[in-house]
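Have a look at the structure below before the remarks.
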Amino acid sequence: MARRTKVLPSGFCTLLFGSLLWTACQSQPADGRAGRPAREGSARRADPAAVRGFDVEHLAIDVALLPESRAIEGLTRIRLASARPDLAEIALDLQGLTVRSVRDVRAGELAWEHEDELLRVRLDGPLDPGELVELEVRYDGMPRTGLHFSGLRSDGSGPTQVFSQGAPQENSGWFPCVDRPYDRATSEVRVTMPERWVSFAPGVKIDSYVGEGTRTEHWQMDFAHPSYLVSLVAGEFVVKNGEWDGVPLVFAAEPQYESMMDATFEETDEVLAFFSDYTGVRYPYAKYSQVAVANFMWGGMENISATTLTPLTFDDARGRRDAQSHGLVAHEAAHQWFGDLLTCEDWSHVWLNEGFATYMTELYFEATRGRDVFRARMRDLQDEYLKMDRGGKRQAVVSGAYRDPSDLFDEQVYQGGAARLHYLRFLVGDDAFRAGVRTYVAENAGQSVTTATFQEAMEKVTGEDLDWFFEQWFRSAGYPEFTLAWNYDEKRDAIRLDVRQTQASGRGTPSVFRVPVDVEISDASGTSLHRLVVDERRQRFDLPGNGKPFYVRFDKGGYVPKVVQWSKAPAEWLAIANSDDDVNGRRDAVRALGELGREARLPNPEARETYVAELSNLLKSDPSPWVRAEAAEALGRAGGLEARERMKFAARNDPEARVRAASLRGLATFGTEREMIEFADAVFAEGFSYETMVAAAALRCASAPEQAYAYLTQKLFVTSPHDELCRLLLIELGRLDHPAVGDQLLRWSRDSSLSGPARGEALRQLAQQNTNRPRNARVIAEHLASDDFRLRKAAVEALVEMGDNTARKALEAYYEGTASEREKRIIEGSMRPRFP
């Protein structure tokens, strides 16, 4: 049984904060609480409608799709209420389309001006506060953003689909609106399309009829929402239906994915049930649809009651052994609460959408897969965040430092937001955290929210002042970095733990973080857990002992987003690897043991033999595939007959693809062992998963390097959904030192029958070749004109990777014409000071 004590350091050090990188909205008032400094705003802020002087109440969008010309004809009716005295003019967002007329439905034609992506309308007369007006805007054109035509038939004709993508501020590319997250309105969408098409939009379908070669469908959403959550998908789809607790479920995809749909969406009902229970608010809309569309640029988009997904989420049994779709399905479903039911008031608080959806997904995995899977996945999220939050990319989670809202959608708000929620849950406890989330959702449903809104909900439930936590983890930048050491004082039977915070305090990072943390000590009597509060740059803690510890763990459970350095003897790492009930403790230990083997730091042959035996046992017996995979990679660095045989067995018998692939990668480090050729061929032929097939191919190439080029060019023709196997094998091909690799990559990049991700990988590998670089740059630049979002982005990244004069000229020419802010940032990052 664990013993829990609370240990506080002697003395007190004031918490120091670096300068804040975030920028508050100009309209935000001070917090107004006695005894507290102002923060980004109180939970109940001034009405955002006052920014433009009016509030949109309802949007009625009527759009005719013209797929042959990739154009639309639209008429949108907008009902709005004045939010200030004498409102005489309104401004609506509308990008790129041609306005034909603007009418007041009661007073007739109005004067208007459309420039700089704003439609300014002079009203028939000034409005008093609360007075309503309904406008009708007629327009047409070829949308360059917000609405996209996609899909091809087997004969190459098309497009066969249309889909919208409104986030963050793109829906004004197909209808006029206030394209900001704070403006909430009810909506309806009426779409006229080719007769064979079907449509999907928010809410319920209230009408459908067939005309001369056309079909018109009418959708209505009675729950107010931001304009970016309005959506439209239309095209040629296979449709399946289901039901959860009386809520209709709709699933749709292109016909070639019909056989994969059930496995992809099979947990939708469990996901909705879990989030309904956890938040205390039943799924709040009349239906839930999930539609996969060709050439979708994201993984998914949480349009209210109508999620859009990439078809890359579909896979066969081999692909599902590598990765499943349940995380994506859960993430987008979580947004129906966090993002749709409650929406960040402005994009500086977007973590409230994305961080919550990310963490709620992990809570679903905790409930359905258990603690080890949850903790391992959370560690992976933390590592992804820590890897990104460095140098010029460092800023606070709540940040107004952006040129375009899309700049904020990165690991900082997804993984970083989730990691901070996880730490908050540790601090307040599971029950209080869940109660706080329920309070936050219940009291703010249908409203815009800020970080202060969530903070006040948590403080209301816990009765604690959490301003220090939100100031440090959301309004300040960075994370703590620790150097740790411990020693045992036998005379005093005590453990002395030295903790140093070593993070630099630039770019808004606090020089000292306040970090409540659990430290676990394992000794002959069992384990004991001690809650410490680290709040100084350098501290020493004296902990009670019960004999010399087997090991000491800092941040038991891995709740704190952090970087840690400390040196341990091999015996301590082995004790953690064998005894720690925390999967991430065992992962860290096995990884450290692998580094010891790499650096030949084991003291003698006997120690090395013990080391290999222990790792072999972990690869065989540890219950977590994350630990077993780490053990396989460590054994690959160790070498030797026992390690090789253990990895060969795991490569064909472990139930998890990640462990088989790690074992095969470990075997590849043994060099040119000819007997491995037959083994690698057999594993590839078994086809357990695509990752294991590629790892087997890499093993074969390492075992017979003179045959590698011919082998890989043959295996590239093995089929898989989305050409995923081909994509992975192109990476292996790009690593070969062979004169024909560049020509081979060029041919695959130009193969129009290949998927965009596979062709994009060919471009990335082509950029890394050292021969024919000017030609390679010209070939890569050809793909900047592609309609395929992923292929075009790969071309940009490949040219950035090349960095030579031909590549730079191509990027400069492309920069001025691209509508993608993400592509612009990629180019800017590689070409400063040419771009600001």
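Consider Arg586 carefully, then state whether it is buried (at least 22 other Cβ atoms within 10 Å of the Cβ), in contact with a Leu (Cβ under 8 Å, 6 or more places away or on another chain) and not in a loop (DSSP other than H, G, I, E, B).
yes
Given the criteria open to solvent by 20 Å² or more (accessible area, probe 1.4 Å), in a loop (DSSP other than H, G, I, E, B), of a type in the set (D, E, K, R) and without any contact (Cβ under 8 Å) to a residue 60 or more places away in the chain, does Glu411 qualify?
It is true that Glu411 is open to solvent by 20 Å² or more (accessible area, probe 1.4 Å), in a loop (DSSP other than H, G, I, E, B), of a type in the set (D, E, K, R) and without any contact (Cβ under 8 Å) to a residue 60 or more places away in the chain.
I'd like to verify a number: residues in the range 457-477 that are of a type outside the set (Phe, Trp, Tyr) and either open to solvent by 10 Å² or more (accessible area, probe 1.4 Å) or in contact with a Pro (Cβ under 7 Å, 6 or more places away or on another chain) (or both), how many?
The qualifying residues number 11.
Could you tell me whether any residue of the range 358-381 is in contact with a strand residue (DSSP E or B) (Cβ under 7 Å, 6 or more places away or on another chain) and crowded, with 22+ Cβ neighbours inside 10 Å?
Yes, the range 358-381 contains at least one residue that is in contact with a strand residue (DSSP E or B) (Cβ under 7 Å, 6 or more places away or on another chain) and crowded, with 22+ Cβ neighbours inside 10 Å.
Give just the number: which of (1) without any contact (Cβ under 8 Å) to a residue 60 or more places away in the chain; (2) surrounded by 14 or more Cβ atoms within 10 Å (Cβ to Cβ) does Tyr690 not satisfy?
Result: Tyr690 fails condition (1) only.
What do you reckon, is Glu812 in a helix (DSSP H, G or I), open to solvent by less than 40 Å² (accessible area, probe 1.4 Å), modelled with pLDDT under 95 and farther than 26 Å from Thr719 by Cα?
Numbers: in a helix (DSSP H, G or I): yes; open to solvent by less than 40 Å² (accessible area, probe 1.4 Å): no; modelled with pLDDT under 95: yes; farther than 26 Å from Thr719 by Cα: yes.
It is false that Glu812 is in a helix (DSSP H, G or I), open to solvent by less than 40 Å² (accessible area, probe 1.4 Å), modelled with pLDDT under 95 and farther than 26 Å from Thr719 by Cα.
List the residue pairs whose Cβ atoms are under 9 Å apart, where the first residue sits in the range 432-446 and is in contact (Cβ under 8 Å) with a residue 40 or more places away in the chain, the second is assigned to a loop (DSSP other than H, G, I, E, B) and among the small types (Gly, Ala, Ser), and the two are 6 or more positions apart or on different chains.
Arg434/Gly280; Val437/Gly280; Arg438/Gly280; Val441/Gly280; Ala442/Gly280; Asn444/Ala43
Enumerate the pairs (first residue in the range 479-495 and modelled with pLDDT of 95 or more; second residue anywhere and among the acidic types (Asp, Glu) and open to solvent by 50 Å² or more (accessible area, probe 1.4 Å)) with beta-carbon separation below 6 Å, excluding pairs fewer than 6 apart on the same chain, so at least 6 apart or on different chains.
Between residues of the range 479-495 that are modelled with pLDDT of 95 or more and residues that are among the acidic types (Asp, Glu) and open to solvent by 50 Å² or more (accessible area, probe 1.4 Å), the close pairs are Ala494/Asp542.
If you go through the range 764-778, how many residues are under 14 Å from Asp743 (Cβ atoms) and buried (at least 22 other Cβ atoms within 10 Å of the Cβ)?
Looking only at that region, the number is 3.
Of all residues in the range 716-747, count the ones that are small (Gly, Ala, Ser) and under 30 Å from the mean Cα position of the chain (by Cα).
Final tally of qualifying residues: 2.
Could you tell me which numbered condition Gly760 fails, if it satisfies all but one of (1) more than 26 Å from Ala638 (Cα to Cα); (2) open to solvent by 10 Å² or more (accessible area, probe 1.4 Å); (3) of a type in the set (Gly, Ala, Ser); (4) within 32 Å of the chain's Cα centre (by Cα)?
All conditions are met except number (2).
For residues that are in a helix (DSSP H, G or I) and either touching a helix residue (DSSP H, G or I) at 6+ places or on another chain (Cβ under 6 Å) or in contact (Cβ under 8 Å) with a residue 60 or more places away in the chain (or both), scanning just the range 600-616, find the one that is most open to solvent (accessible area, probe 1.4 Å).
The residue in question is Glu614.
What about Leu791, is it closer than 23 Å to Phe717 by Cα, open to solvent by less than 10 Å² (accessible area, probe 1.4 Å), assigned to a helix (DSSP H, G or I) and not polar (S, T, N, Q)?
yes
Out of all the residues in the range 617-646, which are acidic (Asp, Glu) and open to solvent by 20 Å² or more (accessible area, probe 1.4 Å)?
Initial filter on the range 617-646 (acidic (Asp, Glu)): 622, 630, 633, 642, 645.
Result: Glu630, Glu633, Glu642, Glu645.
Report those strands (runs of 3 or more DSSP E) wholly inside the range 136-248 carrying at least 3 residues which are open to solvent by 40 Å² or more (accessible area, probe 1.4 Å) and in contact with a Leu (Cβ under 7 Å, 6 or more places away or on another chain). Break it down into steps so the answer makes sense when it comes.
Details: elements: 147-150, 161-164, 184-194, 198-200, 204-210, 214-226, 233-235, 238-244.
Qualifying strands (runs of 3 or more DSSP E): none found.
Let me spell it out: the conditions are (1) farther than 24 Å from Val449 by Cα; (2) in contact (Cβ under 8 Å) with a residue 12 or more places away in the chain; (3) open to solvent by 20 Å² or more (accessible area, probe 1.4 Å), and Gln256 meets all of them except one. Which number is the exception?
All conditions are met except number (2).
Being of a type in the set (D, E, K, R) and touching a residue at least 40 places away in the same chain (Cβ under 8 Å) narrows it down to one residue among Arg553, Arg514; which is it? Working first, answer last.
Values: Arg553 fails: touching a residue at least 40 places away in the same chain (Cβ under 8 Å).
Checking each option against the conditions leaves just Arg514.
So for the range 581-594 (the condition being out of contact with any Asp or Glu (no Cβ under 8 Å at 6 or more places or on another chain), at pLDDT below 95 and under 22 Å from Arg553 (Cα atoms)), does at least one residue qualify?
Yes, that holds for at least one residue.
All but one of (1) more than 20 Å from Glu633 (Cβ to Cβ); (2) in a helix (DSSP H, G or I) hold for Ile731, so report the exception by its number.
So Ile731 meets the others, but not (1).
Does Gly446 qualify as being modelled with pLDDT of 95 or more and under 30 Å from Glu345 (Cβ atoms)?
Details: modelled with pLDDT of 95 or more: yes; under 30 Å from Glu345 (Cβ atoms): yes.
Yes; evaluated as a whole, the condition is true for this residue.
Would you list the helices (runs of 4 or more DSSP H) that sit entirely within the range 640-688 and hold 1 or more residues that are farther than 21 Å from Val627 by Cα and touching a Leu at 6+ places or on another chain (Cβ under 7 Å)? So that I can check it myself, show each step before the final result.
Working: elements: 641-653, 657-668, 675-686.
Ranges flagged: 675-686.
Could you say which residue among Thr483, Thr527 is among the hydroxyl-bearing types (Ser, Thr, Tyr) and buried (at least 17 other Cβ atoms within 10 Å of the Cβ)?
Among Thr483, Thr527, only Thr527 is among the hydroxyl-bearing types (Ser, Thr, Tyr) and buried (at least 17 other Cβ atoms within 10 Å of the Cβ).
So the check is Cβ under 8 Å with 6+ separation or different chains; which pairs have a first residue in the range 168-187 that's free of Cβ contacts under 8 Å to residues at least 24 places away in the same chain and at negative phi and a second one that's among the charged types (D, E, K, R) and assigned to a loop (DSSP other than H, G, I, E, B)?
none
From Val293, Val281, which residue is in contact (Cβ under 8 Å) with a residue 12 or more places away in the chain and open to solvent by 30 Å² or more (accessible area, probe 1.4 Å)? Walk me through it before giving the result.
On the way: Val293 fails: open to solvent by 30 Å² or more (accessible area, probe 1.4 Å).
The match here is Val281.
Could you say which residue among Val796, Val718, Val779 is touching a Leu at 6+ places or on another chain (Cβ under 8 Å), on the phi < 0 side of the Ramachandran plot and not in a helix (DSSP H, G or I)?
Sole residue among the options that is touching a Leu at 6+ places or on another chain (Cβ under 8 Å), on the phi < 0 side of the Ramachandran plot and not in a helix (DSSP H, G or I): Val718.
How about the range 647-683: which of its residues are at pLDDT 95 or above, open to solvent by 40 Å² or more (accessible area, probe 1.4 Å) and within 22 Å of Asp622 (Cβ to Cβ)?
Matches in the range 647-683: Lys648, Phe649, Arg652, Asn653, Pro655, Glu656, Arg658, Arg665.
The values are calculated or read from the model by the stated rules, or taken from the named source; none is laboratory data. Keep in mind it's a predicted model, so treat the numbers as computed, not measured. Here the Cβ is made from the backbone with ideal geometry for all residues, glycine too, and neighbour counts use every protein chain on show. These area figures cover heavy atoms from the full protein model, side chains too; ligands, DNA and RNA do not enter into them. Shrake-Rupley method; radii C 1.70, N 1.55, O 1.52, S 1.80 Å.
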